[in-house]
Amino acid sequence: MVYESDIKPCDRYLMERFITGACSIAGKPIQHDGYIQYTNPRLTAAPYRPKLRTLSLDIETNYHTDAVLSIAGLCYGAGLEESAVVFIVSNDYIPPGESLTYRNYPHEKNLLMAFMSWVNEIDPDILCGWNVVNFDLMHLQKRCSVYGLALNLSRAGKPASIIPGKQNSHNAFARISGRVVLDGIDCLRLTSSITKRGHEIILKTRELIEAKGYKVIYGDTDSVFVWLEGEFTSQQARQTGKTLQESLNHWWTDHIQTHYRLPCYLELEFETHFERFFMPTMRGSNQGSKKRYAGVISNSAGEKKIIFKGLETVRTDWTPLAREFQRELFERIFNGQPFEAFIRELVQKMYNGDFDAKLRYRKRIRQDIDSYIKNVPPHIQAARQLPEVGQWIEYHITQGGPQPSNQIDNAIDYAHYQEKQLKPVADTILQFVGHSFDDIISGQMEFFQ
């Protein structure tokens, strides 16, 4: 139990003003030697994101002698130009590489002293690395002690100390005054733990919803999709969602307080009501895929809008025609409008050349085009036909293969776009209304043979 007297006056002052981090100060400043004084100022919460400096480090050691052979550091952040420095025990000159500098030292002791001096010179706020506490920093401390050196990596002039775990030698703790140490392994464990706990919460929430007689068509990661079977008005559906929200939040609050004696900061929120909804199942399963769905929602004015998530209409690696085709097809099916004639007409116009400008692909070139040897993707084949290549390439598929969109000298391969763009888009939803793309255009295709 916490009493009012247990709370420090300064903490209470900040809490009552909802100041949990940075704050702004309004008042008359009085400059003193080394600090500024305010008398009865006005404090309010303020947004602030510090500009931090980060140093990522990695060491290499001699397996037999434990001697440090090299220390690599990558520094970046506020006031620093991103660069990598490698401290290495060697008498041979090593020329610098691109954004990489080598510093040679004749002896391990010289290397350790130079590295610590460099760390204090660049003055990072964060030290990070993979297993940086249990191996890198622990080993540096051990090697410094061999030469009677302190591991001088702190801001306060105090030696850094790496404290081994009491029960687990792989659970050490780094105490470096003025700096924060982030170990990649610990961060990964924390992330996995958070994800696992979140998954458990969603699964339990799913059980609670189904216990009330509702059907959950998808529940994983951070969302639950509930199907209200039967006839519901939009207002009734929204009220049901809000009632579920209140019931679930009450259950979680009571559960966490009862079992863990902790306040509950979990909050499930009713997000939206889809009047019409489409979610394709995952391959080989009858479970829905949260990352891919489409649905109709209405705003406060009663205006309807289709929301797409993860389908071709929101993906840049599909052609503009495919995205427009999908949006129009979904709107027709959701609104109960005829769609067969629309599909046949669009295919015919495509073969007539009416949509050539909308048949372009746009892809990012992520590496040197000459690095592709065995498997050369279409966008790289097109890029190799240009005298100069940027980060993006727009191209068409022609009967002579991929060609840059601005220098096509072959007939466009409309059959490719029919099979690889229009058909997959259409069959995604047509299968659920008893149709298929091939059946709809089967008689029409005789004209294009």
Ranked list, fewest to most other Cβ atoms within 10 Å of each Cβ, for Val389, Val146: Val146, Val389
Local net charge near Val89, Cβ-Cβ under 12 Å (Lys/Arg +1, Asp/Glu -1): 0
Rg(Cα)/(2.2 N^0.38 Å) for the stretch 342-386, N = residue count: 1.65
DSSP bridge orientation in the stretch 53-178 - percent antiparallel, rounded to nearest 5: 70 percent
Coarse-grained scattering of the stretch 300-434 at q = 0.09, 0.10 Å⁻¹, given as base-10 log I(q)/I(0) from a Debye sum over alpha-carbon atoms: -0.33, -0.40
For His199, His379, order by how many other beta-carbon atoms lie within 10 Å, fewest first: His199, His379
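As an exercise, take the mean of 1/r over every pair of distinct alpha carbons in the stretch 147-213, invert it, and state the Kirkwood radius in angstroms.
It is 15.6 Å.
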Per-residue [θ]222 nm for the chain (sum of -39500 (n - 2.57) over DSSP H runs n ≥ 4, rounded to 500): -9500 deg cm²/dmol
At q = 0.15, 0.16, 0.20, 0.21 Å⁻¹, base-10 log of I(q)/I(0) for the stretch 214-304 (Debye sum, equal scatterers on each alpha carbon): -0.72, -0.79, -1.06, -1.11
Environment charge of Ile25, counting only residues whose C-beta is closer than 14 Å and scoring Lys/Arg +1, Asp/Glu -1: +3
Exposure proxy ranking, count of Cβ atoms within 10 Å, fewest first, for Phe342, Phe278: Phe342, Phe278
Computed label-point distance, nm, for sites Ser192 and Gln31 using a 7 Å Cα→Cβ extension: 5.5 nm
Within the stretch 333-377: backbone nitrogen closer than 11 Å to the Gln391 label point (7 Å, Cα to C-beta): 364-366
12 Å beta-carbon shell around Ser436, net charge (K/R +1, D/E -1): -3
Burial order of peptide ranges 136-143, 113-120, 406-413, 370-377 (average beta-carbon count within 10 Å, highest first): 136-143, 113-120, 406-413, 370-377
Zero-based 10 Å bins, Cα pair distances in the stretch 4-45, whole percents: 25, 45, 27, 3
Rg over Rh [alpha-carbon atoms, Kirkwood Rh] for the stretch 102-167: 0.96
Option label - percent of Cα pairs over 34 Å apart computed here, alternatives (1) 46; (2) 64; (3) 35: (2)
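Computed from the coordinates by the stated procedures, all read-outs in this text should not be read as laboratory data. Values in this document were obtained by computation on a predicted structure and should not be read as measured data. Note that each Cβ is placed from the backbone with ideal geometry, even for glycine, and that neighbours are counted across all protein chains shown.
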